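Here the structure comes first, spelled out in C-alpha cells, and everything after it is commentary.
The values are calculated or read from the model by the stated rules, or taken from the named source; none is laboratory data. Owing to the predicted nature of the structure, the values given are computational and were not obtained by experimental measurement. Positions of Cβ are generated from backbone atoms using ideal geometry, with glycine treated the same way; all protein chains shown enter the neighbour counts.
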Amino acid sequence: MSDLILARDLVIILITAFFGGVVAKKLRLPLLIGYLGSGVLINSLFGSLLGDGLAIRNIAEIGVALLLFTLGLEFSLQKLKEFSDVIIYGSFIQIVLTTLIGVVIFPFFGFDFWISLFLAASFSLSSTAVVVKSLFDRGELETLHGEVAAGWLFMQDLFVLPMMILLPAVGQIMKEGKVGWELTGELSTNILFAVSSFFVIIILGKQVIPRLIESVAGLKSRELTLVISVVICLVFAFLFKLLGFSFAIGAFVAGVLISSSSAYHGIFAEVRPLRDLFSVVFFVSLGFLISPSFFLANLPVILSLSLIIILLKLFISLIILLFLGFHTKPAALISISLVSVGEFAFILALGAVTSKLIKIEDYMLIVTVSFVTLIISVPLISAGQKLYSTLRHLLKKRVPYLTKFIDSLDKKQWITDTELHDHVVVLGHGRVGKYICRALSFVEVPFIVVDYDHSVVKKLKNEGINVIYGDPADLDVLNFAKVNCAKVIIIAYSDRHMMEVVITNIMTINPNIKIICRIHHEEDLKKLKSLGAEIVIQPEFEAAIAITEKLLPLFGVADAEISGKIKRLKIEHGI
C-alpha cells in the first residue's frame, strides 16, 4: 500500500509541475514560481489526499543532493579566481550584515535567539535560479549588473556549505542549554571535527574518485558511467550524514571530486535530467507545504517579514556596492536582483526540521516568506531599469538635496581632451566597445568612452584615454561627452531598455548624429530604428553571415551567387 501511495504522490506532483510550468511559461515567469504556485494551489484544493508527504520529502532530499552534486561538478577554483574581490567580499559582508541585523529585528516578532539566527541566516541567501533565469530572459546576463549579480549569487551558494555545518552545530548546543565557555568549547570541537573530517575525506577521495571515474569511462558505457556517478554521489551523501553533516554537503563534495576527472562533462550531461526531475519534485513538494490556513492566520507576520527582508537586503547590498565604488545605477540593479530569498533557504530549513532543531511552523514560515519574496522579486527585476529612472526623476523634483548627494557619488568624470569635435562617442567599453576603441586608435580618429564600471574607467584613465564615468542614459553625461558636436555614437551595451532611453536622449541633443547600436533580439530592430538608430547590428546575424560566406564555397557556389544570397538574407533581416 505504501508503494501505491508513493506512486500516487509522484504522479500528482509531476502533473502539478507540468501544468504549473506551462502557466508560468505563458506568463513569462520562471518555472520555479510555476512549480511552487501550482503546489500551493493543489495543496489548498486536495491537501487531504496527500497525507503527511514523508516519502515525497525523502525523494525531494535526494533531488537536493543531485542539485548540489551538479553544482559541485561545475565548481572550479579557476572559475572562483575569475571573480573579483567585489563579489567575494561583497557577498560575504552582505550575508553577515543581513544575519546580524536580522538577529536584532526578529525577536520583536516573538522569536527566540536561535530561531532569529536561523531565520536571518536563511533569509540572507538569494535565489540563483530565479535571478539568473530572469536576467537571461531579458538579455541582461552579460551586462555589468548581470555579471556581478550572477557572481554574487554563485558565492552565496558556496557560503551555504559552512552554514550547513555551523547552524546545526549551534542549534544542537543551544538546544542542550549550554552556555559560556562550555558552549564555545563544544562548538569549537564540533567545527574542528567537521573541518578535519571534511578535508580527510576530500584528500582520500581526490586520490581515488577521479581514477575510478576514468576507469569506468574507459569502458565506453554511458549507463555505467551514470550509475557509478550517482552511486558516488549518494555514498558521499550518506557518509557525510553519518558524520553529522548535511546529506547535501556530501553530494556537493562528490561533485567537486569528480569535476577533477576528464569525464566530468559527460557525467554532468547525464546527471542533469535526473537533477532537474528531482528538483521539480522538491519545489512542488515545498508548494504542498504552504498551507493557505497557515498563510492567512500568519498573514501580518509573513508580509511584514517579507517586506523587511526585501528592504534590508536591498539597502545592505546597495551600501556595500556604493562603498566599493559602483555607480548608483548598476549598484541599484544588482541590489534589486538580490532581494529574494533563495531555494537554499528551503534546503537549510528542511535539514533543520528533519533534525528537530526548528518547529514545523518555523519551517512553514521560512517556505512561505521565501515564496512571497520570490513572487515579488520577479517583476522587480523586470522593472529594475524603469524603477531606477523613475526614482531618480522623482528625487530630482522632490528631494534636490538627496539628488546632489547621489550625483556626488556618480560624478567621478575624467577627460583629458576638452577640444573634441567630430569625434566618436563609445558608450560601453566591454567585449565589443574595447575592440571598436582599439580600431579607432589605429586610424587616429578622436573618441571618448562613457562607462559606469569604475574599474574599467580607472584603467582607461591610466592609459590616457578620454573617458567619462557615468550613466550613458543621463543627459548631463551625454552633454559632458559633447554629443552635440560628435559625428557618430556607438551604443555597445546590450541592455534593451537603456538603448531606448539613450537613443531618445541623444536625438534631443543632436538629431543629425549617426547612431550605431547592437541588439540580441530581432524584434528590437524596428523599434530602435524608429527611435533614430541608423545602423543596428545583431551579433548572431553577423556571425551567421560570416559562416555562410565560408560555407557556400565548400559546395562550389560562385562568388556572385554567394553575394546575391547574402544580400537576400540581409533584406529578409531588415537591413
- request: Can you run down the residue pairs with Cβ atoms below 6 Å, 6 or more apart or on separate chains, where the first is in the stretch 350-366 and within 15 Å of A121 (Cα to Cα) and the partner is part of a loop (DSSP other than H, G, I, E, B) and among the aliphatic types (A, V, I, L, M)?
  value: A352/I358
- prompt: Between a first residue in the stretch 232-254 that is in the same structural domain as T354 (by TED's automatic domain parsing) and a second residue that is modelled with pLDDT under 80 and among the basic types (K, R), which pairs have beta carbons less than 7 Å apart while being 6 or more apart in sequence or on different chains?
  reply: F247/K241; G250/K241
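Yes or no, residue by residue, for (1) farther than 19 Å from T368 by Cα; (2) out of contact with any strand residue (DSSP E or B) (no Cβ under 6 Å at 6 or more places or on another chain); (3) at pLDDT 70 or above; (4) among the β-branched types (V, I, T):
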position: L6; (1), (2), (3), (4): yes, yes, no, no
position: L27; (1), (2), (3), (4): yes, yes, yes, no
position: I56; (1), (2), (3), (4): no, yes, no, yes
position: L80; (1), (2), (3), (4): yes, yes, no, no
position: I87; (1), (2), (3), (4): yes, yes, yes, yes
Options G351, G325: the member that is within 18 Å of S370 (Cα to Cα) and not hydrophobic (A, V, I, L, M, F, W, C): G351
- prompt: Could you say whether any residue in the stretch 498-515 is farther than 28 Å from H145 by Cα and exposed (fewer than 15 other Cβ atoms within 10 Å of the Cβ)?
  reply: yes
- request: Can you run down the residue pairs with Cβ atoms below 7 Å, 6 or more apart or on separate chains, where the first is in the stretch 114-133 and assigned by TED's automatic domain parsing to the domain that holds L158 and more than 15 Å from V104 (Cα to Cα) and the partner is of a type in the set (F, W, Y) and buried (at least 22 other Cβ atoms within 10 Å of the Cβ)?
  value: L125/F344
Where L125 falls short, out of the listed (1) touching a helix residue (DSSP H, G or I) at 6+ places or on another chain (Cβ under 6 Å); (2) part of a helix (DSSP H, G or I): (2)
message: I need the full set of residues from the stretch 353-401 which are assigned by TED's automatic domain parsing to the domain that holds F295 and farther than 30 Å from L29 by Cα, in order please.
response: T354, S355, K356, L357, I358, K359
statement: Across (1) over 24 Å from L322 (Cβ atoms); (2) assigned to a helix (DSSP H, G or I), K461 clears everything bar (1)
query: Is the stretch 330-341 home to any residue that is among the hydroxyl-bearing types (S, T, Y), under 30 Å from Q385 (Cα atoms) and outside any helix (DSSP H, G or I)?
result: yes
- prompt: Failed condition for S377, given (1) surrounded by fewer than 19 Cβ atoms within 10 Å (Cβ to Cβ); (2) modelled with pLDDT of 85 or more; (3) not aliphatic (A, V, I, L, M), with all others met?
  reply: (1)
Within the stretch 315-332, tally of residues that are crowded, with 17+ Cβ neighbours inside 10 Å and either closer than 22 Å to S127 by Cβ or assigned by TED's automatic domain parsing to the domain that holds D451 (or both): 9
Residue list for the stretch 342-370, filter: within 19 Å of the chain's Cα centre (by Cα) and in a loop (DSSP other than H, G, I, E, B): G342
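From L478, L440, grab the single residue that is in contact (Cβ under 8 Å) with a residue 24 or more places away in the chain, assigned to a helix (DSSP H, G or I) and aliphatic (A, V, I, L, M).
On the way: L440 fails: in contact (Cβ under 8 Å) with a residue 24 or more places away in the chain.
Going through L478, L440 in turn, the sole match is L478.
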- line: Across (1) without any contact (Cβ under 8 Å) to a residue 12 or more places away in the chain; (2) among the hydrophobic types (A, V, I, L, M, F, W, C); (3) in the same structural domain as A473 (by TED's automatic domain parsing), A492 clears everything bar (1)
message: Being touching a residue at least 24 places away in the same chain (Cβ under 8 Å), assigned to a helix (DSSP H, G or I) and of a type outside the set (K, R) is the filter here; which residues of the stretch 516-538 pass it?
response: D524, L525, L528, L531
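So, in the stretch 371-406, of the ones that are among the small types (G, A, S) and under 20 Å from the mean Cα position of the chain (by Cα), which residue ends up nearest to I302 (Cα to Cα)? Don't jump to the end; show me each part of the working.
Taking the stretch 371-406 first, the residues among the small types (G, A, S) are 377, 382-384, 389.
Adding the requirement that they be under 20 Å from the mean Cα position of the chain (by Cα) leaves 377, 382-384.
Working: S377: 16, S382: 24, A383: 24, G384: 24 Å.
Only one residue tops the list, namely S377.
Every residue, every condition in (1) closer than 30 Å to D474 by Cβ; (2) touching a Ser or Thr at 6+ places or on another chain (Cβ under 9 Å), yes or no:
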residue: T354; (1), (2): no, no
residue: I360; (1), (2): no, no
residue: S370; (1), (2): no, yes
residue: I381; (1), (2): yes, yes
residue: R392; (1), (2): yes, yes
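Go through the residues of the stretch 32-44 one by one and say whether even a single one is at pLDDT below 75, under 30 Å from the mean Cα position of the chain (by Cα) and closer than 26 Å to V132 by Cα. Before you say what the answer is, go through the steps one by one.
In the first step, residues of the stretch 32-44 are kept if they are at pLDDT below 75; the result is 32.
Filter once more, so that each one left must be under 30 Å from the mean Cα position of the chain (by Cα): 32.
Okay, now just the ones that are also closer than 26 Å to V132 by Cα, so 32.
The answer is yes, given that some residue of the stretch 32-44 is at pLDDT below 75, under 30 Å from the mean Cα position of the chain (by Cα) and closer than 26 Å to V132 by Cα.
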task: Could you tell me whether the stretch 332-342 includes any residue that is in contact with a Gly (Cβ under 9 Å, 6 or more places away or on another chain), small (G, A, S) and at pLDDT below 75?
output: no
- prompt: Looking only at the stretch 545-575, which residues are among the β-branched types (V, I, T), touching an Asp or Glu at 6+ places or on another chain (Cβ under 9 Å) and under 19 Å from L525 (Cβ atoms)?
  reply: I566
- prompt: Before we move on, is F247 buried (at least 21 other Cβ atoms within 10 Å of the Cβ), of a type in the set (F, W, Y) and over 16 Å from Y363 (Cα atoms)?
  reply: yes
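Would the stretch 525-536 turn up any residue that is among the β-branched types (V, I, T) and touching a helix residue (DSSP H, G or I) at 6+ places or on another chain (Cβ under 6 Å)? Walk me through it before giving the result.
The first filter runs over the stretch 525-536 and keeps only residues among the β-branched types (V, I, T), leaving 535-536.
Add one more test, that the residue is touching a helix residue (DSSP H, G or I) at 6+ places or on another chain (Cβ under 6 Å), and what stays is 536.
Taking every residue of the stretch 525-536 in turn, at least one turns out to be among the β-branched types (V, I, T) and touching a helix residue (DSSP H, G or I) at 6+ places or on another chain (Cβ under 6 Å).
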- request: Identify the single condition in (1) at pLDDT below 65; (2) surrounded by fewer than 18 Cβ atoms within 10 Å (Cβ to Cβ); (3) assigned to a helix (DSSP H, G or I); (4) not polar (S, T, N, Q) that G51 does not satisfy, given that it satisfies every other one.
  value: (3)
- prompt: Which number in (1) in contact with a Pro (Cβ under 7 Å, 6 or more places away or on another chain); (2) in contact (Cβ under 8 Å) with a residue 60 or more places away in the chain marks the one condition that V450 misses?
  reply: (2)
